[in-house]
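Chemist: Questions regarding the structure given below will be posed in turn.
What follows is calculated from the coordinates using simple rules that are stated; it is not laboratory data. Since the model is a prediction, treat every value here as computed from it, not as a measurement. Here the Cβ positions follow ideal geometry from the backbone for every residue, glycine too, while neighbour counts run over all protein chains shown.
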Amino acid sequence: MKPPTIMLVEDNDANRELMEDLLDVAGFGVAAFPSGEEGLAWLEGNTPSLILMDINLPGRDGLALTREIKARPETAGVPVVAVTAYAMKGDRDRILAAGCDGYLSKPIDVQQFPAQIGHFLSNADCGLRNAE
Ligand code: MN
C-alpha cells in the first residue's frame, strides 16, 4: 500500500527541509513547495492525504490558498493543517474561517511531529472544529 502523501507549502527553506526530512523518515510520501503557486499547480494532477500550509507566504498567503483549495471540488475534501507561529484566539478564528481543518504551532516539536501528522490523518476534522 502506498504511504499517505503529505503536501507541504513553506517558504522558509530550513523549516521546509526539516519537515520534509521528518515526514520522509516517518515513512510518509512528501510533496514540498516553497510557494503556493507551485503547490496549486501540483494539485492539478495530484491529491494528497493532508496539506500542511504555512500561513505567512510571499504573494498569496496560506489562508487565501486554503480558500482556493477548499473551493475546488477535487481538493475540497483534503484536510488542511495551518502551520503558524500565531496561536492567538483571533488568529485561530481566521484560520478556521479560511477553511483550515487544524493547526500546528511553529516552531514544530520535532519529537511529536510524526505522531501529530498521524493523528491528523486519522481524524477527519483535525481537532480544530470541535476544539471550542
Ligand atoms: Mn512563511
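Chemist: For a bin width of 5 Å, list the pair-distance distribution of region 5-130 built from all Cα-Cα distances, rounded to whole %.
Modeler: Pair shares across the bins are 2, 11, 24, 28, 22, 11, 2, 0.
Chemist: Given ILE6, ILE117, ALA76, which one lies farthest toward the positive end of the charge dipole of the chain, if we put +1 on the Cβ of every Lys and Arg and -1 on the Cβ of every Asp and Glu?
Modeler: Result: ALA76, furthest along the dipole toward the positive end.
Chemist: Taking H as built 1.01 Å from N, whose amide H comes closer than 5 Å to the amide H of VAL30, not counting residues under 5 places away?
Modeler: ILE6
Chemist: Taking θ = phi - 60°, what integer Hz values does the Karplus form 6.51 cos²θ - 1.76 cosθ + 1.60 yield along region 20-29, in sequence order, with x for Gly and Pro?
Modeler: Each residue's phi maps through the Karplus curve to give 4, 4, 5, 5, 4, 4, 6, x, 7, x Hz.
Chemist: Calculate the dipole size of region 5-130 relative to its Cα centre from +1 charges on Lys and Arg beta carbons and -1 charges on Asp and Glu beta carbons; express the result in debye to the nearest 20.
Modeler: On the way: 10 positive and 19 negative charges, 118 e Å.
Result for region 5-130 is approximately 560 debye, rounded to the nearest 20.
Chemist: What percent do you get for the relative contact order of region 5-130 when only Cα pairs under 8 Å and 6+ apart count?
Modeler: Contact order relative to length: 22 percent.
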